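As structure tokens, the structure follows; a few thoughts come after it.
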């Protein structure tokens, strides 16, 4: 399996060489909705992330799915995942790699309550800038949490005992979700393509700047992103 590059769900910039925020999704009615708070790490050029920031959020997510295997609500193709080095599921990276396989090898490899789990990827420069620019929430974290996950009872199960420990993550997801709503954008799974080269990366960045030319927060995020991956924009 060779390298391939995904693009930021919000802006469309290439994630090659970038840090990213990953948000697990499932379908509710006719659209995708988050089922967990964002996990952050480095885009690994294999459709997922590694070098993950491990904290109370990642612990809650991993524990939920590990317990789901034992209870039977979460089912995986053990032989297939073992062949890809991610079974037994012992780390958050193992778990996310299984979900990535749902998206790029076909559904049914890692299934929760009968539905394949997928995820969105957003450039971390974009994620963090949106979160930092958002007003401080006036609502308690629990109120925000209930609104964010009203279409996903899974979220309540994952964080049943840890809402207080993930309040910062809740505020960040609320900020990004609010921006998406304001722009008429929907949550959607990441799509893998081929490898991105400097020409494509510059093109995606220029397109993002044009699309969001009226939104200073995103323009600031794109400058931050450009600083992060700047060397990759230069032709060798």
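The values are calculated or read from the model by the stated rules, or taken from the named source; none is laboratory data. Everything numeric in this text was worked out from a predicted model, so none of it was measured. Here the Cβ positions follow ideal geometry from the backbone for every residue, glycine too, while neighbour counts run over all protein chains shown.
For the reader, a short list of remarks on this structure follows.
- Put simply, of 173, 180 the only residue that is at pLDDT 95 or above, crowded, with 19+ Cβ neighbours inside 10 Å and under 19 Å from the mean Cα position of the chain (by Cα) is 173.
- Considering residues of the range 111-121 that are surrounded by 24 or more Cβ atoms within 10 Å (Cβ to Cβ) and touching a helix residue (DSSP H, G or I) at 6+ places or on another chain (Cβ under 9 Å) only, the residue nearest to residue 8 (Cα to Cα): 119
- Answer from 160, 133, 141 - the residue that is more than 23 Å from residue 44 (Cα to Cα), at pLDDT 95 or above and surrounded by fewer than 19 Cβ atoms within 10 Å (Cβ to Cβ): 133
- Hits in the range 177-202 (condition: touching a strand residue (DSSP E or B) at 6+ places or on another chain (Cβ under 7 Å) and either part of a loop (DSSP other than H, G, I, E, B) or closer than 25 Å to residue 99 by Cα (or both)): 186, 187, 188, 189, 190, 192, 193, 194, 195, 196
- Residues satisfying the stated conditions in the range 106-133, i.e. part of a loop (DSSP other than H, G, I, E, B), touching a residue at least 24 places away in the same chain (Cβ under 8 Å) and under 19 Å from the mean Cα position of the chain (by Cα): 109, 117
- Of the listed requirements (1) in a helix (DSSP H, G or I); (2) free of Cβ contacts under 8 Å to residues at least 40 places away in the same chain; (3) under 14 Å from residue 52 (Cβ atoms), residue 79 misses just one: (3).
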